[in-house]
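Engineer: The structure under discussion is supplied below as structure tokens; questions concerning it will follow.
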Amino acid sequence: MAFRRIVLAAAVATFAIPASAAVLVIGNSSARLCYEAADSNLVPTPAALGYCDSALTNDTLTTDDTVATHVNRGILLMRRHQIDNAIADFDTAMQLDPDQPEAYLNKGVALLQMENYGEALGLFNTAIARNTRRPEIAYYGRAIANETLGHVRAAYNDYRQASQISPNWREPQIELTRFRIVSR
């Protein structure tokens with residue numbers, strides 16, 4: 001059991017950076033620069049967070065762009081290991097637009113990092129149901145949550161689904177090698 005937790009902890013740690021599902025903002029505003037930083041998968045600089053903050057305080061944003069900027073800033077905060085602040089941004093995005101799938105997806109990733117697997121599982125389900133642009137991440141995150149909660153068959157199916165959606169992404173394929181199919 002301890003070895004499995006170590007393997008899953010390693011999976012969550014490697015999962016954090018590629019997990020972003022940034023929300024597109026059109027134009028040349030601070031919100032657009034915030035999006036580009038969130039979409040880049042690089043460790044964010046304070047300047048990148050400044051773009052997000054500036055957009056939310058100084059720019060005149062549509063509701064959609066405000067929601068997107070909260071999601072994008074949450075991604076940047078999550079990458080800086082400011083998980084509570086990231087979750088607050090994802091929650092704000094969900095309050096403003098309960099149908100925004102990337103807010104659910106990214107909050108699920110944040111909760112995995114906090115080892116809150118049960119709540120993360122529900123968020124991944126919601127992200128999938130609301131047609132996230134990154135379903136492979138939702139299935140992979142849901143697989144980690146399912147496996148940690150002891151739902152091994154569901155975890156296997158989710159790792160397999162993530163691998164099928166994104167066949168060049170190695171992590172789901174690596175996780176699948178740990179499973180052995182037994183006929184009954």
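Engineer: Angle, helix 63-79 long axis vs. longest principal axis of the chain, Cα atoms, 0 to 90°, nearest 10?
Structural biologist: Value to nearest ten degrees: 60.
Engineer: How large is the convex hull of the C-alpha atoms of the chain per residue, in Å³?
Structural biologist: Considering the Cα atoms of the chain, their hull volume per residue is 112 Å³.
Engineer: How far, in degrees from 0 to 90, does helix 117-129 lean away from the longest principal axis of the Cα atoms of the chain, to the nearest 10?
Structural biologist: It is inclined by approximately 70 degrees.
Engineer: Compute the long axis of helix 152-165 from its Cα atoms, compare it with the longest principal axis of the Cα atoms of the chain, and write down the angle in degrees, 0 to 90, nearest 10.
Structural biologist: It is inclined by approximately 60 degrees.
Engineer: What is the packing order of peptides 174-180, 138-144, 87-93, taking the mean over residues of other C-beta atoms within 10 Å and listing the highest first?
Structural biologist: The densest-packed peptide leads the list: 138-144, 87-93, 174-180.
Engineer: Can you tell me what the convex hull of the Cα atoms of region 48-110 projects to on average, as an area in nm²?
Structural biologist: Numbers: hull surface 14.8 nm².
It is 3.7 nm².
Engineer: What nm value, rounded to one decimal, do you get for the distance between Thr45 and Asp91 when each label is placed 7 Å out toward the C-beta?
Structural biologist: Taking the two extended label points, one gets 3.2 nm.
Engineer: While we're on this one: GNM on the chain, C-alpha springs below 10 Å: top fluctuator among Pro135, Pro46, Pro172?
Structural biologist: Most flexible of the set in this elastic network: Pro46.
Engineer: Which whole-number percentage describes the relative contact order of the chain, with Cα contacts under 8 Å and a sequence gap of 6 or more?
Structural biologist: Values: 276 pairs, mean separation 28.6, N = 184.
For the chain, the relative contact order is 16 percent.
Taken together, the values in this text are just the output of simple stated rules run on the coordinates, not laboratory data. Only a predicted model underlies this, so the values are computations on that prediction, with no experimental measurement involved. Heads up, the Cβs are rebuilt from the backbone with ideal geometry, glycines too, and the neighbour counts pull from every protein chain shown.
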